[in-house]
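Chemist: I have a structure here, written as structure tokens, and I will follow up with some questions on it.
The values are calculated or read from the model by the stated rules, or taken from the named source; none is laboratory data. Keep in mind that this is a model prediction, so the values were computed, not measured. Cβ placement follows ideal geometry from the backbone for every residue including glycine, while neighbour counts extend to all protein chains displayed. All accessible areas refer to the heavy atoms of the entire protein, side chains included, with ligands and DNA or RNA removed. Shrake-Rupley method; radii C 1.70, N 1.55, O 1.52, S 1.80 Å.
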Amino acid sequence: MIIGLVGLVLGLGALPTTAAADGTPTAATTHGAPAATTPKAWGPEVRTLTGWAFDVCRTPSLDTMGRWRASDYRAVGVYFGGRGRACRSQPELTRNWMRRVDTMGWGVLPVYVGSQSPCVVAQHKKGVRIGKYPWRQGAQEGRDAVRSAAAVAIARYSPLYLDMETYNYRNRSCAHTTLSFVRAWNREVRRYGYVPGFYSSADSGVRHMELARRAGVRDLPAVMWFARWHRKPHLYQEPSLDRYAWHPQRRIHQYAGNVKERHGGRTMVIDRNLVSAPVARIG
């Protein structure tokens with residue numbers, strides 16, 4: 001059953017070897033369903049965090065970040081680049097902001113919202129869809145992500161999380177185009193010394209990446225940030241992912257969205273996340 005769905009979605013023939021979460025191929029089982037692999041622990045150059053995080057469309061002020069230290073959150077997701085961002089204006093997001101929140105003790109989860117899948121569901125994302133040359137475009141946007149990250153003091157060995165909103169991964173042509181773009185983006189980000197992460201709906205892009213992993217596809221994301229709302233936060237009970245794929249310290253669960261919270265006298269509308277994954281190194 002898994003083999004047939006993988007072939008349908010990815011346009012593949014017989015399954016080759018499987019791949020670890022970082023794209024390294026490993027041996028498949030003899031029954032077709034690949035064995036999950038556990039990548040090695042991160043080296044000391046990659047900074048990781050385990051705990052609670054929030055992400056918010058527009059980067060909060062330094063004053064708000066200072067006040068929110070009264071909360072249980074210890075990391076913040078910021079939308080640092082990409083033509084598909086809902087909040088393209090980010091006046092607070094500067095090198096100084098990055099360095100100050102780092103000094104406060106915050107971890108930063110840098111999110112890049114680039115071109116979206118040709119079969120993206122959200123109407124407001126249809127104007128930024130991937131074009132005719134997905135590999136070339138993915139590589140170009142990967143380089144843009146690296147430049148945009150460096151411009152706000154996000155240093156090498158930091159994760160850069162590619163945001164790919166919900167799309168119809170069962171559409172074979174669309175899935176192929178989307179996967180080509182993602183793989184090229186990942187390869188380019190890696191080439192410049194950053195860690196490629198991936199954010200999407202658990203039942204859409206995340207499931208698509210898991211199928212690709214099972215099929216032995218290379219150049220996959222190194223970290224998986226999956227959105228499944230309205231359930232308790234848990235990193236390793238996500239049904240779209242094999243329990244031992246993207247493990248250890250390679251997962252983020254976004255378990256609630258568009259919720260209002262108030263800490264230290266400041267109110268924000270945020271998404272809630274449970275994190276065990278890399279966070280940015282600030283240069």
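Chemist: Let me have the 222 nm mean residue ellipticity of the chain computed from DSSP H runs of 4+ only, each contributing -39500 (n - 2.57), with the sum over all residues rounded to the nearest 500. Could the numbers behind the result be given before it?
Modeler: Working: 6 runs with 73 residues, N = 283.
When only DSSP H runs of four or more count, the value is -8000 deg cm²/dmol.
Chemist: Could you state the orientation-averaged shadow area of the convex hull built on the Cα atoms of segment 148-229, in nm² to one decimal?
Modeler: On the way: hull surface 22.3 nm².
Average of the hull's projected areas for segment 148-229 equals 5.6 nm².
Chemist: Using a Gaussian network model on the chain with a 10 Å cutoff between Cα atoms, which of L109, L179, L62 fluctuates the most?
Modeler: L62
Chemist: Before I look further, what does the chain give for accessible area per residue, probe 1.4 Å, in whole square angstrom? Walk me through the numbers before you get to the answer.
Modeler: Numbers: 11980 Å² over 283 residues.
Heavy-atom accessible area per residue stands at 42 Å².
Chemist: Largest first, what is the accessible-area ranking of I282, I154 with a 1.4 Å probe?
Modeler: Details: I282 40, I154 0 Å².
Most to least solvent-accessible, the answer reads I282, I154.
Chemist: Now for a separate question. Set the Förster radius R0 to 25 Å, insert the Cβ-Cβ distance between E45 and R143 as r into 1/(1 + (r/R0)^6), and round the FRET efficiency to 0.05.
Modeler: Details: r = 21 Å, r/R0 = 0.85.
Computed FRET efficiency for E45 and R143: 0.70.
Chemist: Further question on the same structure: Which order do you get for M268, M65, M104 if you rank them by accessible area with a 1.4 Å probe, largest at the top? Mind showing how you got there, number by number?
Modeler: Details: M268 20, M65 0, M104 55 Å².
Output order, biggest surface exposure first: M104, M268, M65.
Chemist: Here's a follow-up. Sorted by accessible area (1.4 Å probe), largest first, how do Y167, Y199 line up? Could you put the intermediate results ahead of the total?
Modeler: Values: Y167 5, Y199 30 Å².
Ranking Y167, Y199 by accessible area, largest first, yields Y199, Y167.
Chemist: Please report, in whole Å³, the volume per residue of the convex hull around the C-alpha atoms of the chain.
Modeler: Working: hull volume 32.8 nm³, N = 283.
Expressed per residue, the convex hull around the Cα atoms of the chain is 116 Å³.
Chemist: Quantify, in whole percent, the carbon and sulfur part of the accessible surface of the chain (1.4 Å probe; protein heavy atoms only). All intermediate terms of the calculation are to be shown ahead of the outcome.
Modeler: Details: 6090 of 11980 Å².
Answer for the chain is 51 percent, counting heavy atoms of protein chains only.
Chemist: Round to a whole angstrom and tell me the spacing of the C-alpha centers of segment 132-146 and segment 226-255.
Modeler: 27 Å
Chemist: Return the loop-located trypsin sites (Lys or Arg not before Pro) in segment 115-191 (DSSP other than H, G, I, E, B) with at most 15 other Cβ atoms within 10 Å of their own Cβ; answer none if there are none. Working shown, then result.
Modeler: Details: sites: K125, K126, R129, K132, R136, R143, R147, R156, R170, R172, R183, R187, R190, R191; in loops: K132, R156, R170.
Passing both the DSSP loop test and the Cβ count: K132, R156, R170.
Chemist: As a quick test, which of the pairs K125/K232; K126/K260; K40/K260 have an alpha carbon distance above 31 angstrom in this structure? Display every interim value, and only then the final one.
Modeler: Values: K125/K232 28 Å; K126/K260 28 Å; K40/K260 38 Å.
Table pairs above 31 Å Cα-Cα are K40/K260.
Chemist: Can you compute the radius of gyration and Dmax for segment 189-283, using only the Cα atoms, both in Å?
Modeler: In Å, with Rg to one decimal and Dmax whole: 14.8, 50.
Chemist: May I pose another question? Stick to Cα atoms and the Kirkwood definition of Rh, then tell me Rg/Rh for segment 109-169. Intermediate results must be reported in sequence, preceding the final value.
Modeler: On the way: Rg = 12.6 Å, Rh = 12.5 Å.
Answer for segment 109-169: 1.01.
Chemist: Write out the trypsin sites (Lys or Arg not before Pro) in segment 69-98 meeting two conditions: DSSP loop, and at most 14 other Cβ atoms within 10 Å of their Cβ. Write out the running numbers ahead of the final one.
Modeler: Working: sites: R69, R74, R83, R85, R88, R95; in loops: R83, R85, R88.
Sparse-neighbourhood loop trypsin sites (Lys or Arg not before Pro): R83, R88.
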